[in-house]
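The values are calculated or read from the model by the stated rules, or taken from the named source; none is laboratory data. None of the values given here were measured: they were computed from a predicted structure. Here Cβ is always computed from backbone atoms with ideal geometry, including for glycine, and neighbour counts include all displayed protein chains. Side chains are part of the model used for accessible areas, which takes the heavy atoms of the whole protein and leaves out ligands, DNA and RNA. Shrake-Rupley method; radii C 1.70, N 1.55, O 1.52, S 1.80 Å.
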Amino acid sequence: MSEAAKTSSDIMLEVKELSIQFGGLRAVDGLNLRVKKHQLYGLIGPNGAGKTTVFNMLTGVYKPTTGVIYLDGANITGKSPVEINKGGIARTFQNIRLFKGMSVLDNVKVGMQNQTKYTTIEGILRLPRYFREEKQMNEKAMELLKVFELDGECDALSQNLPYGKQRKLEIARALATNPKLLLLDEPAAGMNPNETAELMNTIRFVRDKFDMTILLIEHDMKLVSGICEELTVLNFGQELAQGGTSAVLNDPKVITAYLGE
């Protein structure tokens, strides 16, 4: 059986019995996860539950101790972050990681480096293909910035943007890598209620405009209940509950886990 045939064609991400151990600590233990294409899926749980560790395994930062990860039917387990990014996974971070000394436009263009075809020599010598691709990158970056209403600030330093716009820029940069699956790690962290409401609209818009599959980690339950179609809840690295958002959030085990946080 081919790798592509091992998962259903409507599944973007499938995780089977995923575990990782650091010394004597099993940070994630036997996680199973299936995220459908075009779905908004939430991964939630108390602090220290293992959520970001899962993201780090999905993106190649950590190699799982056991288990397997399929992206759109392809086995990506143990691949490098660069390979996984080229394969179609992009992410944002709880603590925004922009290149603060670079312009808004250049931050987005950094996300396109995995798609460049000109060689190092062509870049150094400024040969014709280099200029053609740079022009195309500028145009695509500006299109993305227009989507997030950041095109008017393309020349500004990213560190000078308001917090909410920095979040948008980080998402725009992730989309510039041309992903199939977008991982959002605590996108509402540090936002006020108005910014969170706007973020909810932005996430829905990104999903629909780019036909994107989105998996997010989030503590803001208003955002989770407002946009996520299904949830997995982790607690001490193990799956506590999984299913439709309303049913999961009303599960007594989940309520107890959060009250005890």
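In summary, GLY243 fulfils each of the numbered conditions (1) open to solvent by 70 Å² or more (accessible area, probe 1.4 Å); (2) of a type outside the set (Ser, Thr, Tyr); (3) touching a strand residue (DSSP E or B) at 6+ places or on another chain (Cβ under 8 Å) with the single exception of condition (1).
Where residues in region 219-234 are surrounded by 23 or more Cβ atoms within 10 Å (Cβ to Cβ) and of a type outside the set (Ser, Thr, Tyr), which of them is nearest to ILE203 (Cα to Cα)? Going through the qualifying residues, I end up with CYS228.
Would you point out which residue out of VAL68, VAL108 is closer than 20 Å to LEU145 by Cβ and either of a type in the set (A, V, I, L, M, F, W, C) or in contact with a helix residue (DSSP H, G or I) (Cβ under 9 Å, 6 or more places away or on another chain) (or both)?
Values: VAL68 fails: closer than 20 Å to LEU145 by Cβ.
It is VAL108.
Kindly indicate whether any position in region 75-89 is within 20 Å of CYS228 (Cβ to Cβ) and at pLDDT 95 or above. Yes: one or more hits. Residue-level check: of (1) over 19 Å from the mean Cα position of the chain (by Cα); (2) more than 26 Å from PHE99 (Cβ to Cβ); (3) open to solvent by 30 Å² or more (accessible area, probe 1.4 Å); (4) not β-branched (Val, Ile, Thr), GLY237 misses just (3).
Regarding region 247-261, can at least one residue be identified that is touching a strand residue (DSSP E or B) at 6+ places or on another chain (Cβ under 7 Å), under 15 Å from ALA49 (Cβ atoms) and open to solvent by 50 Å² or more (accessible area, probe 1.4 Å)? Checked region 247-261: at least one residue is touching a strand residue (DSSP E or B) at 6+ places or on another chain (Cβ under 7 Å), under 15 Å from ALA49 (Cβ atoms) and open to solvent by 50 Å² or more (accessible area, probe 1.4 Å).
Residue by residue, here is whether (1) under 29 Å from MET57 (Cα atoms); (2) modelled with pLDDT of 95 or more; (3) part of a helix (DSSP H, G or I); (4) out of contact with any Pro (no Cβ under 8 Å at 6 or more places or on another chain) holds:
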| residue | (1), (2), (3), (4) |
| --- | --- |
| ASN95 | yes, no, no, yes |
| LYS100 | yes, no, no, yes |
| ILE121 | no, no, yes, yes |
| ALA141 | yes, no, yes, yes |
| ASP155 | no, yes, no, yes |
| LYS165 | yes, no, yes, yes |
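Name the pairs whose Cβ atoms lie under 7 Å apart, with the first residue in region 145-157 and within 18 Å of MET112 (Cβ to Cβ), the second of a type in the set (A, V, I, L, M, F, W, C) and open to solvent by 40 Å² or more (accessible area, probe 1.4 Å), and 6 or more positions between them or separate chains? So the pair list comes out as ASP151/MET142; CYS154/MET142. Out of LYS51, LYS37, LYS16, one residue alone is crowded, with 19+ Cβ neighbours inside 10 Å and among the basic types (Lys, Arg). It is LYS51. Annotation: of all residues in region 176-199 being over 15 Å from the mean Cα position of the chain (by Cα) and of a type in the set (A, V, I, L, M), the one that is surrounded by the most Cβ atoms within 10 Å (Cβ to Cβ) is MET191.
Looking at the structure I just gave you, is GLN166 under 22 Å from SER103 (Cα atoms) and surrounded by fewer than 16 Cβ atoms within 10 Å (Cβ to Cβ)?
Numbers: under 22 Å from SER103 (Cα atoms): yes; surrounded by fewer than 16 Cβ atoms within 10 Å (Cβ to Cβ): no.
Against the criterion (under 22 Å from SER103 (Cα atoms) and surrounded by fewer than 16 Cβ atoms within 10 Å (Cβ to Cβ)), GLN166 does not qualify.
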